[in-house]
Amino acid sequence: MNRRQFLGVLGALTWMGLSRRPFGWSLASEAETYPFRLPPLPYPYEALEPHIDARTMQIHHQGHHQTYVQNLNKALEELPQFQSWELERLLSHLSDVPSSHRTTIQNNGGGHWNHSFFWRILSPTPSEPSKALQARLEKVFGSWAAFRAKFLDTAAQLFGSGWVWLVQTPRGDLSIVPTANQDNPLMPHITPQGKPILGIDVWEHAYYLKYQNRRTEYLAAVWQVINWAQVEALLG
Ligand code: MN
């Protein structure tokens, strides 16, 4: 093992075991610890039309996301020792949570984190990935088209409800990872565990009103409203 590999392993171990905010960044929302609050959508409900319709956005934000926040708070009401924990710490240390509440925190904490992330990875202002971002992904996936195809195919093939992510591991590797339900790559049972760089919601509630069973049409549409500057900023 050379020095660089050693430092990489050391970094990964520190990241997994010691850090309160293991990914070095956070939701930057006003409510990072209990009681969590629904963050305002960073644009009006109709802003992503025609790609994502206003009614879907409203139900998704005020209905689904709000419910995850409420259920997360309800679970933490009964766990005062975890009320000072930031959400990322809870999700990356789920085994520390009592088994009586673990699944509730996983599902609803994941739901809150994932949707807070999702609203901000989308933008009504059309954008193109920068040359630098394209070059980084081309190095891993061969070409920008290959990256797009692999990401969207993974999303299309995900069975049932879940998310697809571009994940950066603590050692800097990038991979495309599907997760079930409201899981995400912050969670220790997801391989590889790492920092989400891009994520798309493929639950039917994200598209059914406008696209019904045509998930691939939704995926092509949501790709049109990705905030590539935000993706690049997360990649660091
Ligand atoms: Mn959703």
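Search the structure for amide H atoms under 5 Å from the amide H of residue 122, placed 1.01 Å from N in the peptide plane, and list their residues when 5 or more places away or on another chain.
227
Residues of the stretch 39-67 with the amide nitrogen closer than 13 Å to a label point 7 Å from the Cα of residue 217, along Cα-to-Cβ, please.
It comes to 51-53, nothing else.
For residue 171 and residue 81 in the same chain, what is the full-extension length gain: residue separation times 0.36 nm, less their Cα-Cα distance, in nm?
29.2 nm
Please report the Cα spread of the stretch 135-174 along all three principal axes, rounded to whole Å, starting with the longest.
32, 25, 8
Below 8 Å, C-alpha to C-alpha, sequence gap of six or more: please give me the relative contact order for the chain in percent.
Relative contact order, the chain: 22 percent.
Can you work out the Karplus-derived ³J(HN,Hα) for every residue in the stretch 161-172? Use 6.51 cos²θ - 1.76 cosθ + 1.60 with θ = phi - 60°, whole Hz, and x for glycine or proline.
9, x, 9, 10, 10, 9, 10, 10, 6, x, 8, x
Treating cross-link reach as a plain straight distance, find the aspartates and glutamates whose alpha-carbon is under 20 Å from the alpha-carbon of residue 131, omitting any fewer than eight places away in the same chain.
Counting by Cα, and skipping residues close in sequence, residue 131 has these aspartates and glutamates nearby: 173, 232.
Which order do the peptides 103-114, 59-70, 173-184 take when ranked by the mean count of other beta-carbon atoms within 10 Å per residue, highest first?
103-114, 173-184, 59-70
From the backbone phi of the stretch 212-220, what are the Karplus-calculated ³J(HN,Hα) couplings (6.51 cos²θ - 1.76 cosθ + 1.60, θ = phi - 60°) in whole Hz, Gly and Pro given as x?
So the Karplus estimates, Gly and Pro as x, are 6, 8, 8, 4, 5, 5, 4, 5, 5 Hz.
Quick one: give the max-minus-min coordinate of the C-alpha atoms of the stretch 33-90 along each principal axis, largest first, in Å.
Principal-axis extents of the stretch 33-90 (Cα, largest first): 45, 16, 13 Å.
Please list, short to long, the whole-number percent of alpha-carbon pairs of the stretch 131-235 in consecutive 10 angstrom bins beginning at zero.
Taking all Cα pairs of the stretch 131-235, the binned fractions are 15, 48, 32, 5, 0 percent.
Starting from the coordinates of the alpha-carbon atoms of the chain, obtain the Kirkwood hydrodynamic radius over all distinct pairs and give the value in Å to one decimal.
Every distinct Cα pair counted, the radius reaches 18.4 Å.
Would you please put 121-127, 80-86, 160-166 in order of how densely packed they are, using the mean number of other Cβ atoms within 10 angstrom per residue and starting with the highest?
The densest-packed peptide leads the list: 160-166, 121-127, 80-86.
Return the sequence-ordered ³J(HN,Hα) values of the stretch 66-73 in whole Hz as given by the Karplus equation 6.51 cos²θ - 1.76 cosθ + 1.60 applied to θ = phi - 60°, using x for Gly and Pro.
4, 5, 4, 4, 4, 6, 5, 5
What net charge do the residues around residue 199 carry, taking every other residue with its C-beta under 12 Å from that of residue 199, with Lys and Arg at +1 and Asp and Glu at -1?
Every neighbour counted, the sum reads 0.
Given 4 °C and 1.567 mPa s, how large is the Stokes-Einstein diffusion coefficient of the stretch 187-236 in µm²/s, with Rh as the Kirkwood radius over Cα pairs?
102
With springs only between Cα atoms under 10 Å, which of 120, 89, 55 fluctuates most in a Gaussian network model of the chain?
Of 120, 89, 55, the Gaussian network model singles out 55 as fluctuating most.
Taken together, the values in this text are just the output of simple stated rules run on the coordinates, not laboratory data. Keep in mind it's a predicted model, so treat the numbers as computed, not measured. Heads up, the Cβs are rebuilt from the backbone with ideal geometry, glycines too, and the neighbour counts pull from every protein chain shown.
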